[in-house]
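Input: a single structure, listed below in C-alpha cells.
Just so it is clear, none of the values below were taken in a lab; they were calculated from the coordinates. These numbers come from a predicted model, not from an experiment.
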Amino acid sequence: MTRKSKPGSSSSPKPTSRKTSWPFFTILLIVVAPVLVATLVYQLDSFEPAHLPIHELTQPPLKASKKNDHMLQGSEILGRGQLKGAEDIAYDRKSGIIYTTCEDGWIKRVTVNDSVSDSVIENWVNTGGRPLGLVLGHNNEVFVADAYKGLLKISGEGEVELLTDEADGIKFKLTDGVDIADDGTIYFTDASYTYHLHEFIWDILEGKPHGRLLSYNPTTKETEALARDLYFPNGIAVSPDQDFVAFCETPMRSCRRYYIQGEKKGHLEKFIDHLPGMPDNIHYDGHGHYYIALASETTAFWELAFKYPFLRKLIGIFTKYVGEVHAAKCSGVFVVDLDGKPAEHYYDPGLALLSSGVKIGNHIYCGSIVYPYIIRVDIEKHPARAAA
C-alpha cells in the first residue's frame, strides 16, 4: 500500500531552484559581437591607407608674431543665404566687383561697398559643375578650375569654354586651384586624379600622392604636368616677380614652390612648412604678403590619424557605414611674407572650413566650402596684435 504524503509534510517534493546563465550570455553577446563584427569588417574592407611622410608632420606648428584669435568678433556677413559654399574669391579692382564660386555651380558677382547691406549679388554664369578656384584674366575673361569639368575659360560675355580636362592621358578628377602669369600661362592643380570632389576625404585618408601641378599654354593649347605625386595640391599663386608658383598641399600642412623662370626653373622645393592648420587657397595681396586660408587647425585627432594608417582606415569605415566625421575647427587665415615667414594669424574657435582669404582695402574677405555667405573682417578696427 502506497503511503500518501499529507500536504505540508516534510516528505513532499520541493521545487528545484535553477539559476539561469542567460544574462551572462546576453552581456557577452552585447559586448563581444560588435567587436567581432567590427574586426570582420576591418579585415574584409579593401581600403588600405598608406604611410605618410610623418617626419614632415611632427614638428611644432608655426606661430605668427601677431594674432587675432577671435576674428568673428566684429566680423560682418556678406550675402547671407545667397552665397552657399563660396569657395574662392577674385576681386576686380577696376569695377569694384568680387567674383566667387558657389556650390550650386554659379559664379556670382558681388559689389564691394562700405556697408555689406548695400552689396548687390548677381548670378553671372553657371558652369554646370562645381567651380572652385578662379582668377581674372588679362582680357576681361575669367579662368575657373571646376572640380568636375576641368579648366574653363569664361568670356566677358559669359560664354564658357573648356580649355583642358586631362594631361598625359589622365583625366582630371578634382581640378582645384588656378592662377595666371603675366605671360598668359595658366597654372592650376588637379588635387586628385583618383577621387572626385564628393570623395575628397578618401584621398586625404588614403594618404597617397594622387595630385599634380599643371600648366596650360593658351597659345599652343598644350597642357603640361609640371609636378606629380603631390598630396592633395590645392590653392595656387604666381609669385609677384613671376619666378615661381606657390601651391598648398593640404594634408601635409605645407606650401611648395615650383620655379617657372631663372636658374632654378623646373625645380620644386618647400616654401612653408609646419603650418598651424591644413591649407586651402593661397592669395597674394599685391603688397608683399600671401594670405593662406586654413580649413582647420592642427588637432590631436588629425595628428594621430596622419601618423597611423590603421586609424585612417577606421575613420574610412566609419564614414562609409555610419556617417561623416566632423573634426575641423578653429579655421582662419595665416599671413606670410614673400619668403614664407609668418606675419599674422586671424582665426576663431567658432570657424570651420574656411577656404579662401583675400585682402581688399582694410578688409579680409573669407570664403568657405560650407557657409552660405562670405565673412568680412575689418583688420584696421580688429587687427592682429602682438602675441603674449
Legend entry - the chain: angle of helix 22-44 to the longest principal axis, Cα-based, in degrees nearest 10: 30 degrees
Legend entry - Listed residue pairs exceeding 30 Å between alpha carbons, taken from K171/K270; K108/K313; K208/K320: K108/K313
Legend entry - Rg [Å, one decimal], Dmax [Å, integer] - the stretch 314-368, C-alpha atoms: 15.6, 47
Inset, instruction - Can you grab the distance from the C-alpha centre of the stretch 159-213 to the C-alpha centre of the stretch 50-95, Å, no decimals? - result: 21 Å
Inset, instruction - Would you mind checking the pairs K359/K381; K66/K359; K63/K341; K149/K329 and listing those with alpha carbons more than 19 angstrom apart? - result: K149/K329
Legend entry - Answer label for mean projected area of the Cα convex hull in nm² (calculated), chosen among (i) 19.6; (ii) 31.7; (iii) 21.6: (ii)
Legend entry - Backbone HN-Hα couplings from phi across the stretch 125-136 [Karplus 6.51/-1.76/1.60, Hz, Gly and Pro as x]: 9, 9, 7, x, x, 10, x, 10, x, 8, 8, 7
Inset, instruction - For the stretch 277-343, build the convex hull from the C-alpha positions and give me its volume per residue in Å³. - result: 95 Å³
Inset, instruction - Working from Cα positions, state the angle (0 to 90°, nearest 10) between the long axis of helix 309-321 and the longest principal axis of the chain. - result: 80 degrees
Legend entry - Candidate aspartates and glutamates - alpha carbon under 13 Å from K221, same-chain residues fewer than 8 apart omitted: E161, D165, E166
